[in-house]
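First the structure, in the form of structure tokens, and then the observations on it.
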Amino acid sequence: MNRKAARSSVVNIETGMKKRLLSQSIAMVLGLSPLAAGMAFADVLLEEVMVTAQKREQALTDVGVAITAYTGDQMKALGFEDSTDLIAYTPGISMAGDIGGQRAIFNIRGVVQNDYADLAEAPVAVYIDGTYLASTQAQTFGLFDVERVEMLKGPQGTLFGRNATGGLVNTITVKPTDELEGYLEATAGSFSQIRVEGAIGGALTDGIRARVAFLSNQQDEVLKNVYPGTDFNGDPGTNGGEDGWNDDTFAFRGHLEFDIGDRGSLLLSGNYADTTKSEGPYQLAATTEVRRANGEVIDVIYSRNDPMNCDVIQSGVCVDGNGDGSVTRPVVNGDFFGNTNPDGRGDRVNKDFAFDDQNELKSEGLTAEFKYDFDWASFTSVTDYKNFTRVIGLDSDQSATGALIFQSDGDIDQFSQELRFNGTTDKTTWVAGVYYLGIDTDFLQGLAASPLSQDWFGIQGLEANTITELNTDSLSIFGQFDYSLTDTLVLVTGLRLIQEDKSFEGVVTFFPNTDDRKIETSNGLFDIDQLKEDHDQDLWSGKIQLEYTPTDDSLYYAGINRGVKAGSFNAPLFGGFSPYDEEVLLSYEVGAKLTLMEGLLQLNMAAYYYDYEDYQSFTFVNNSSSVTNEDANYKGVEIELITSPTDNLEMMFGVSYTDAEVEDLQIASDIFIDAAPPFTPEWQVSGLIRYTWDLFGGGLAAQVSANYQSEFFHNARNFTAHEFDSYTDVKARLSWADGDNLWNVAAYVDNLTDEDYAIIGFDVSGFYGSSQESYARPRSYGLTLRRNF
């Protein structure tokens, strides 16, 4: 037994004794029998987590990267069901998104691009089983049959590619074993939710193993649509008016693994997912543009804060905003057409274009992973194909008026191949490889005026559609070398060289609108813009870091990372095609991972400074969007504390502070501001307390958790009405597991205080005198039953 393993055994014995003594003391205070309190159940939060953040398996506490990772057992015990649960309890990670929250996007330390176009890849790279997901729609995922999720903060481009400037989220699914095992789990919850998932796997024959898993989620509508068939003025809108915010999802995954002699293996994997939802669950919020004399917008405010009830405020006076001859709005705190939100942020909406099966997202993929151990190194080949499609429709004005309908279709084909070697010497641990990624993206978006509604914008019965194709070919070589300078000091160096070629073709064409729910691509009437252009780039990422481990229970690191995200193209509504450049992030970071109190407490800390060159800033203005390159600087601190002072009590706390600034962002011809990036709160605080009792031969666990997020802006321009208030979300959970962990039952309440906080917004004030806003799901509850075998 080596020194570290021996010390670990001693610490585990001492830790167990301390926890039993504390457990018995707490039991006496609570009136429980010391015997019952001393019957220990396995720790959930302090479970040792093995990760592959550096393309090799390591203990989480041995990796000199700011990582938050959860095992599948932890996520089930804590009640995590999807990616938004991970975001809520991870310091430094917040949520961006669109489609009213149907697509959630990871924002790590303020590094985010909220561009909803499929042409854009996120600066936070998302992987599943080590394979890249090019589509941002894949950042919203259900957690089923998952071994663990690793969330890496800071640039990870050396080992994971050119689009990981903000960080990385890697989901590792459960692989087949030789033992027959599996589970079946069912949840019944609010809004008639029925969620069922399961998996089974084992040996098919000697040297061949398989595992299959599935997820089904059915949920009825949260929002009640009170649309009466006409708007405030009695004018008809489009057909629709159905309730919204539902879910109909089915997903399947399969693995088939073969042993190749004593040294090799081949893992074949396939996945499929199909989701149908209502149109995005936005609600109307009346907002008012504030303009200068020349018509430039310099602020947007909530209309309720305008005592003059103006359509638009220009040079301090009311002006006509929609050409109806009136400078004021028909209704106080309403939009240009007299529409209001029926109950503020409640569960009632009033909009015409609303269907309970409007939006559909599909994905499928095939992966082959071959591994072979040579005497001098291990070899890994990962071949992967994925396809993502989506059909999106949205009531652009979020009202009963038949104004404009937003439509978007996307189809992404991607293929990747990685060849990688890993090895060790007396003083060096190394990884080196080559990687190819090809992405073919067809993206369409448009605004349609229904032939059934009033001619508000002079295009009744027409639609203006942006039709684009983007082909990406990216080839890179990479390597990372960890060299032991002494027994306690390691130098880490890494480099990735990338050649990326993009070919873009786009056109904006007017079509007759023959179907409000479909985007037209044939029988075009006339073009208003087009572009055909290549955008070739030579990129590189790098890393240099020192890691110091004075004891087996402590790790300190300090490093410089250079991350890069490739440039791409803008393809906004109504034209304006243009390329934008790559962004470069230079990160300076120090951190520590400390195991304290002889294993009873884990403390992780990190502090960083980001120097951003050509940050890709996404701005949405009145149904149109664009990305511009800006300079920026960020700095922040993160602290995670996990402790299990007794066999019964576990606690987890996290806090992050982010001071992020995009420099000299232009909002008018001669007005430049230093702005906060969207969806980036200054403070995030989270906490979870879990206590377990012995009951009926098993363990009863009571859990309370909360996460706080300070104010943030949903738009890069940082106008007054772009700021959402701070909030605190509280959850409660009571669960029981039998002594053999065969049966599990849990009852939960989410959003315990029923707080109606805003999460996502888009400003369309200049078009309709309103903004699209979506709010948190109201208080919900449910019961989960699980059987392991």
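The values are calculated or read from the model by the stated rules, or taken from the named source; none is laboratory data. Computed from a predicted structure; not experimentally measured. Quick reminder, even Gly has a Cβ in these numbers, built from the backbone with ideal geometry, and neighbours come from all protein chains shown. Side chains included, ligands, DNA and RNA excluded: accessible areas come from the protein's heavy atoms. Shrake-Rupley method; radii C 1.70, N 1.55, O 1.52, S 1.80 Å.
With the structure loaded, tell me whether LEU641 is of a type outside the set (Ser, Thr, Tyr), open to solvent by less than 30 Å² (accessible area, probe 1.4 Å) and in a strand (DSSP E or B) or whether it fails that test. So LEU641 does not fit the description; no. Taking (1) among the hydrophobic types (A, V, I, L, M, F, W, C); (2) open to solvent by 30 Å² or more (accessible area, probe 1.4 Å); (3) under 28 Å from the mean Cα position of the chain (by Cα) in turn, PHE457 satisfies each apart from (3). Would you call TYR775 open to solvent by less than 30 Å² (accessible area, probe 1.4 Å), farther than 30 Å from GLU181 by Cα and either hydrophobic (A, V, I, L, M, F, W, C) or in contact with a Lys or Arg (Cβ under 8 Å, 6 or more places away or on another chain) (or both)? In short, yes. Filtered by the rule that a residue be hydroxyl-bearing (Ser, Thr, Tyr), farther than 15 Å from LEU785 by Cα and part of a strand (DSSP E or B), the range 718-765 gives TYR727, THR728. When you look at LEU452, is it touching a residue at least 12 places away in the same chain (Cβ under 8 Å), part of a loop (DSSP other than H, G, I, E, B), surrounded by 15 or more Cβ atoms within 10 Å (Cβ to Cβ) and not acidic (Asp, Glu), yes or no? Judged against the criteria, LEU452 is a match. For the range 133-145, the criterion of being in a strand (DSSP E or B) and in contact with a helix residue (DSSP H, G or I) (Cβ under 7 Å, 6 or more places away or on another chain) is met by no residue. In the set (1) of a type outside the set (Asp, Glu); (2) open to solvent by 40 Å² or more (accessible area, probe 1.4 Å); (3) modelled with pLDDT under 90, ARG56 fails one condition alone, (3).
Of the residues making up the range 322-338, those that are surrounded by 19 or more Cβ atoms within 10 Å (Cβ to Cβ) and at pLDDT below 95 are ASN322, PHE337. Looking at GLY254, GLY202, GLY261, just one residue is out of contact with any helix residue (DSSP H, G or I) (no Cβ under 7 Å at 6 or more places or on another chain), at positive phi and open to solvent by less than 20 Å² (accessible area, probe 1.4 Å), and that residue is GLY202. Identify all residues within the range 679-713 that are open to solvent by less than 10 Å² (accessible area, probe 1.4 Å) and outside any strand (DSSP E or B); write none if there are none. Within the range 679-713, PHE679, PRO681, SER710 meet the criteria. Checking GLY295 against (1) over 30 Å from PHE250 (Cβ atoms); (2) surrounded by 14 or more Cβ atoms within 10 Å (Cβ to Cβ): exactly one of these is not met. Which one? Single failed check for GLY295: (2).
Taking first residues from the range 284-297 that are more than 12 Å from ILE667 (Cα to Cα) and partners that are open to solvent by 30 Å² or more (accessible area, probe 1.4 Å) and not in a strand (DSSP E or B), the Cβ contacts under 6 Å between residues at least 6 apart in sequence or on separate chains come to LEU284/ASN341; ALA286/ASN333; ALA293/SER315. Among the residues of the range 160-186, those identified as within 25 Å of GLY438 (Cα to Cα) and either small (Gly, Ala, Ser) or in contact with a Leu (Cβ under 9 Å, 6 or more places away or on another chain) (or both) are PHE160, GLY161, ARG162, ALA164, THR165, GLY166, GLY167, LEU168, VAL169, ASN170, THR171. Within the range 461-516, the residues that satisfy the criterion of being more than 30 Å from THR549 (Cα to Cα) and not in a strand (DSSP E or B) are GLY461, ASN513, THR514, ASP515, ASP516. Within the range 736-789, the set of residues being among the aromatic types (Phe, Trp, Tyr) and under 21 Å from ASP220 (Cα atoms) comprises TYR748, TYR775, TYR781. Restricting attention to the range 404-435, the residues that are of a type in the set (Ser, Thr, Tyr) and farther than 23 Å from GLU364 by Cα total 4. One residue alone among THR177, THR171 is hydroxyl-bearing (Ser, Thr, Tyr), farther than 21 Å from TRP743 by Cβ and assigned to a loop (DSSP other than H, G, I, E, B), and that residue is THR177.
Of the residues making up the range 211-239, just one is basic (Lys, Arg) and open to solvent by 30 Å² or more (accessible area, probe 1.4 Å), namely LYS224.
Within the range 518-577, being of a type in the set (A, V, I, L, M, F, W, C), open to solvent by less than 40 Å² (accessible area, probe 1.4 Å) and within 28 Å of the chain's Cα centre (by Cα) holds for ILE519, LEU539, VAL564, ALA566, PHE569, ALA571, LEU573, PHE577. Residue check: is ARG162 in a strand (DSSP E or B), touching a Lys or Arg at 6+ places or on another chain (Cβ under 7 Å), of a type in the set (Lys, Arg) and touching a residue at least 24 places away in the same chain (Cβ under 8 Å)? Against the criterion (in a strand (DSSP E or B), touching a Lys or Arg at 6+ places or on another chain (Cβ under 7 Å), of a type in the set (Lys, Arg) and touching a residue at least 24 places away in the same chain (Cβ under 8 Å)), ARG162 does not qualify.
Taken together, the residues in the range 693-715 that are out of contact with any helix residue (DSSP H, G or I) (no Cβ under 9 Å at 6 or more places or on another chain) and modelled with pLDDT under 95 amount to 4.
Taking the criterion of being of a type in the set (Val, Ile, Thr) and either on the phi > 0 side of the Ramachandran plot or buried (at least 17 other Cβ atoms within 10 Å of the Cβ) (or both), the residues of the range 751-772 that qualify are ILE759, ILE760, VAL764. Would you mind stating whether LEU159 is of a type in the set (A, V, I, L, M), buried (at least 21 other Cβ atoms within 10 Å of the Cβ) and farther than 20 Å from GLY559 by Cα? Criteria not met by LEU159.
Counted as qualifying within the range 211-307 are the strands (runs of 3 or more DSSP E) with 2 or more residues that are β-branched (Val, Ile, Thr), more than 30 Å from TRP456 (Cα to Cα) and under 33 Å from the mean Cα position of the chain (by Cα), namely 264-277. Answer yes or no as to whether ASN107 is part of a strand (DSSP E or B) and either touching a Ser or Thr at 6+ places or on another chain (Cβ under 6 Å) or buried (at least 21 other Cβ atoms within 10 Å of the Cβ) (or both). Answer is yes for this residue.
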